[in-house]
1. Report yes if A:ALA197 is open to solvent by 30 Å² or more (accessible area, probe 1.4 Å) and modelled with pLDDT under 95, otherwise no.
2. Determine whether B:LYS248 is outside any strand (DSSP E or B) and of a type outside the set (Phe, Trp, Tyr).
3. Taking the stretch B:59-90 as the search range and keeping residues that are part of a loop (DSSP other than H, G, I, E, B) and of a type in the set (Asp, Glu), which one is farthest from the ligand (Cβ to nearest atom)?
4. Return yes or no: is A:ASP157 surrounded by fewer than 19 Cβ atoms within 10 Å (Cβ to Cβ), away from chain B (no Cβ under 11 Å) and at pLDDT 95 or above?
5. With part of a strand (DSSP E or B) and more than 13 Å from the chain's Cα centre (by Cα) as the only criterion, which of A:ARG61, A:ARG67, A:ARG72 stands out?
6. Within the stretch B:194-211, track down each residue that is over 24 Å from B:TYR151 (Cα atoms) and either buried (at least 16 other Cβ atoms within 10 Å of the Cβ) or within 14 Å of another protein chain (Cβ to nearest Cβ) (or both).
7. From the list B:ARG258, B:ARG215, B:ARG191, B:ARG234, exactly one residue is open to solvent by 40 Å² or more (accessible area, probe 1.4 Å) and either of a type in the set (Ser, Thr, Tyr) or under 22 Å from B:SER117 (Cβ atoms) (or both). Which is it?
8. With respect to A:GLY124, is the statement that it is surrounded by fewer than 23 Cβ atoms within 10 Å (Cβ to Cβ), within 13 Å of chain B (Cβ to nearest Cβ), on the phi > 0 side of the Ramachandran plot and in contact (Cβ under 8 Å) with a residue 60 or more places away in the chain true?
Amino acid sequence: MRSAKTAAPRVVVIGASVGGLEALKQVLGALPADYPWPVIVLLHTSAGYRGTRLDTLLAQRCALPVREAEARRPLEAGVVHIAPAGYHLLVEQDLRFSLSVDEKVSYVRPSADVLFESLAEAVGVGAVGVILTGANDDGAAGLAAIRARGGLAIVQDPEEAQAPQMPQAALRMAGADQVLSLEAIGARLAALPGESA
Amino acid sequence: MLDTDAEELEIRDFIRTLKARHGYDFAQYAPASFKRRLRALRVRSGAASIAALSRRVTDEPAFLRQVLAGLSVPVSEMFRDPWVFETLRREVLPILASYPRIHIWQAGCAHGEEVYSLAILLQEEGLYDKSQIFATDLNDVALEEAAEGIYPASNARLFSENYQRAGGRHSLSDYFHARYERIKFDESLKRNVTFASHNLSTDGVFAEVQLILCRNVLIYFNDTLQNRVLQLFRDSLVHKGFLCLGSKETLAHTTVERDFDTFDQSARLYRRHALR
Ligand SMILES: C[S@@+](CC[C@H](N)C(=O)[O-])C[C@H]1O[C@@H](n2cnc3c(N)ncnc32)[C@H](O)[C@@H]1O
């Protein structure tokens, strides 16, 4: 049983939709090459990057290796794992990924709600959930699940977001520990491991 | 004790009950998505808790159908990942054409979307008459619907687009009748299809086939069950037979990796080695 806050493995999960590609480039660009935690990124396909692979697009701007998450493979420290298009991505208790083609949730697949909820159940207080720009409500319930288990919630300032609906929904339903600009989110995520060491 | 730990125990007990009472073993499914489906089933069937679901499974044998239907995921589409069907048409069917009889196993056929896709491919390549498709699933409710071949008309557009991208030679609408918000595929497409209940977790080899299509089923299994099923597939295939997996599934890191060659990586097509 995980009791002490320090004992839970730390994992960063970021959900984004419309406007998310640019936002992700900025946030991920702020993470150093020796980042000690796994990072999971979910961008809705409707965000319109189809054609070029998201991992290729993001890798250009990120010091960490960027890879598509694969079923049954473990989360890796210092790797940015991308949710593949068309599948729900989940994190298991043993910190491996799984994929499903179950029905859409919040009208989308992959759904940030599904991913965030599974991560909340897997690592509890270790989860760091981030909701960025987007034009739907996905991720709000997931962020609430992370908060309910003592994880950290960061939401992009809706004023600044290209599409404010997703951050607004998250704030309405889950609230947040911090509401920040993209620039500050990058800096915050980069600083967090040092603070909890 | 946390509520979540209590739920965890109830889930474990549910899995045990289902296995003991009915022989269905969900212990080897990837837990996170299984849990989601189980929770949804609880809500849909109006049970107060998962423990209450377990009691219902025990007391009410007829409830099993509904449980299996709720726990399995018959979500599919025709010609899903069209390039896969295009590759089957262009690369695999010409090889299968050399056999006097073609036997195909479609495992985890859901509502039959891929069965009708295959039947259309075979028909258009002039191979259907000498073909036999075994379409199996553990979900009997889904199997019955598969045999009906009826889908919501709202799917027609996606199915048609996929069909065209898969190299379709006609118009998909040549194969179905539209009626009351529904489309129904021609009966003739299933004249050489056998729909049957088969549980990949527990059942064995039932036929020798030249092509197995099992897409988006293994993602739900843990390593152990995945390996069991892949061995079953290997043992069901003729030498040089084909195995087609889902786009996010692979033989890498499995126990049968060495028994197959990669035939087409992007279509997830593997070919069983010849005897050596
Ligand atoms: C997501 S669907 C895949 C449908 C289709 N092959 C596709 O890719 O579009 C998964 C199917 O696998 C079936 N399934 C799950 N576990 C099974 C088992 N142990 N034996 C047989 N079928 C199973 C489910 O009932 C469901 O119909």
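1. Details: open to solvent by 30 Å² or more (accessible area, probe 1.4 Å): yes; modelled with pLDDT under 95: yes.
In short, yes.
2. Working: outside any strand (DSSP E or B): yes; of a type outside the set (Phe, Trp, Tyr): yes.
Yes, satisfied.
3. In the first step, residues of the stretch B:59-90 are kept if they are part of a loop (DSSP other than H, G, I, E, B); the result is B:60-62, B:72-81.
Filter once more, keeping what is of a type in the set (Asp, Glu): B:60, B:77, B:81.
Numbers: B:GLU60: 21, B:GLU77: 6, B:ASP81: 8 Å.
Step by step, filter the stretch B:59-90, then rank; the result is B:GLU60.
4. Working: surrounded by fewer than 19 Cβ atoms within 10 Å (Cβ to Cβ): yes; away from chain B (no Cβ under 11 Å): yes; at pLDDT 95 or above: yes.
For A:ASP157, the condition - surrounded by fewer than 19 Cβ atoms within 10 Å (Cβ to Cβ), away from chain B (no Cβ under 11 Å) and at pLDDT 95 or above - is met.
5. Details: A:ARG61 fails: part of a strand (DSSP E or B); A:ARG72 fails: part of a strand (DSSP E or B).
None of the other options fit; the residue is A:ARG67.
6. If we filter the stretch B:194-211 for residues that are over 24 Å from B:TYR151 (Cα atoms), which is where we start, we get B:199-211.
The answer is B:LEU200, B:SER201, B:VAL209, B:GLN210, B:LEU211.
7. On the way: B:ARG258 fails: either of a type in the set (Ser, Thr, Tyr) or under 22 Å from B:SER117 (Cβ atoms) (or both); B:ARG215 fails: open to solvent by 40 Å² or more (accessible area, probe 1.4 Å); B:ARG234 fails: either of a type in the set (Ser, Thr, Tyr) or under 22 Å from B:SER117 (Cβ atoms) (or both).
Step by step, each of B:ARG258, B:ARG215, B:ARG191, B:ARG234 is checked, and only B:ARG191 is open to solvent by 40 Å² or more (accessible area, probe 1.4 Å) and either of a type in the set (Ser, Thr, Tyr) or under 22 Å from B:SER117 (Cβ atoms) (or both).
8. Answer is yes for this residue.
The values are calculated or read from the model by the stated rules, or taken from the named source; none is laboratory data. Keep in mind the model is a prediction, meaning the values are calculated, not measured. FYI the Cβ positions are ideal-geometry reconstructions off the backbone, even for glycines, and counts take in every protein chain you see. Surface areas here come from the heavy atoms of the whole protein model, side chains and all, with no ligands, DNA or RNA. Shrake-Rupley method; radii C 1.70, N 1.55, O 1.52, S 1.80 Å.
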